[in-house]
Amino acid sequence: MDKKILEDYIDACEYAREIREEIARMKQKRRIVQDKVYGSNPDWPYEARSFQVSGTTDTPEDASLLARKEALLARKLQEAEELKLGVEEWMETIPFRMQRIVRYRFFNRLSWEETATLMKCKGGEESIRKEFQRFIQKN
């Protein structure tokens, strides 16, 4: 695991959230229309009946485009989720101290100074940054 993957994790999380929102917007944009029509039984007794009909205003081209976009977004979402899962599995294998550093610095996007403060590191931001760099180089 390298630092680039940790940075990609943040982007993957945001990307997954954005894709979910975009899919929801696409589905909301579809307009469903409903109507009621009247007719009668085709056989005796010829009594009046009403029928509820509904559908979308999409043309076949619109529906095809929407389906293709949803499939593309679903593939991208799957890729982002795989990256997230890989990082989360890796996080379970590293020491708790390093998990905290990674969580503060990369997941919460805190500065090295803020991370050092939360870690109660006497050496300050430079010390905590070097500790992280040594860990990444070693692993």
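Among the residues of region 25-33, is there at least one that is open to solvent by 80 Å² or more (accessible area, probe 1.4 Å), free of Cβ contacts under 8 Å to residues at least 12 places away in the same chain and either touching a strand residue (DSSP E or B) at 6+ places or on another chain (Cβ under 8 Å) or of a type in the set (A, V, I, L, M, F, W, C) (or both)? No, there is no match, as no residue in region 25-33 is open to solvent by 80 Å² or more (accessible area, probe 1.4 Å), free of Cβ contacts under 8 Å to residues at least 12 places away in the same chain and either touching a strand residue (DSSP E or B) at 6+ places or on another chain (Cβ under 8 Å) or of a type in the set (A, V, I, L, M, F, W, C) (or both). Number of residues in region 80-106 that are surrounded by 12 or more Cβ atoms within 10 Å (Cβ to Cβ) and under 30 Å from residue 30 (Cα atoms) equals 2.
Considering 47, 70, 81, 61, the condition of being in contact (Cβ under 8 Å) with a residue 40 or more places away in the chain and within 30 Å of residue 35 (Cα to Cα) is satisfied by 70 alone. Does residue 57 satisfy the condition of being at pLDDT below 85 and either β-branched (Val, Ile, Thr) or under 28 Å from the mean Cα position of the chain (by Cα) (or both)? Yes. Limited to region 34-70, what total is found for residues that are within 24 Å of residue 19 (Cα to Cα) and either surrounded by 10 or more Cβ atoms within 10 Å (Cβ to Cβ) or among the basic types (Lys, Arg) (or both)? So the answer is 11. Among the residues making up region 107-119, those that are surrounded by fewer than 15 Cβ atoms within 10 Å (Cβ to Cβ) and of a type in the set (S, T, N, Q) are 108, 111. The condition of being touching an Asp or Glu at 6+ places or on another chain (Cβ under 7 Å) and of a type outside the set (Gly, Ala, Ser) does not hold for residue 110.
For every residue, the table says whether it meets (1) part of a helix (DSSP H, G or I); (2) closer than 24 Å to residue 11 by Cα; (3) of a type outside the set (Lys, Arg); (4) modelled with pLDDT of 90 or more.
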residue: 97; (1), (2), (3), (4): yes, yes, no, yes
residue: 118; (1), (2), (3), (4): yes, yes, yes, yes
residue: 121; (1), (2), (3), (4): no, no, yes, no
residue: 127; (1), (2), (3), (4): yes, no, yes, yes
residue: 136; (1), (2), (3), (4): yes, yes, yes, no
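The one condition from (1) assigned to a strand (DSSP E or B); (2) modelled with pLDDT of 90 or more that residue 104 does not meet is (1).
Taken together, the criteria place residue 76 among residues that are under 30 Å from residue 24 (Cβ atoms) and either open to solvent by less than 90 Å² (accessible area, probe 1.4 Å) or touching an Asp or Glu at 6+ places or on another chain (Cβ under 8 Å) (or both).
Only residues that are surrounded by 13 or more Cβ atoms within 10 Å (Cβ to Cβ) and in contact (Cβ under 8 Å) with a residue 60 or more places away in the chain: list them for region 120-139, please. Selection gives 136 alone.
The values are calculated or read from the model by the stated rules, or taken from the named source; none is laboratory data. Being a predicted model, the structure only gives us computed values, none of them experimental. Neighbour counts are summed over all protein chains in view; Cβ atoms, including those assigned to glycine, are modelled from backbone coordinates with ideal geometry. The protein model used for the area step is the full one, side chains on, heavy atoms only, and it has no ligands, DNA or RNA in it. Shrake-Rupley method; radii C 1.70, N 1.55, O 1.52, S 1.80 Å.
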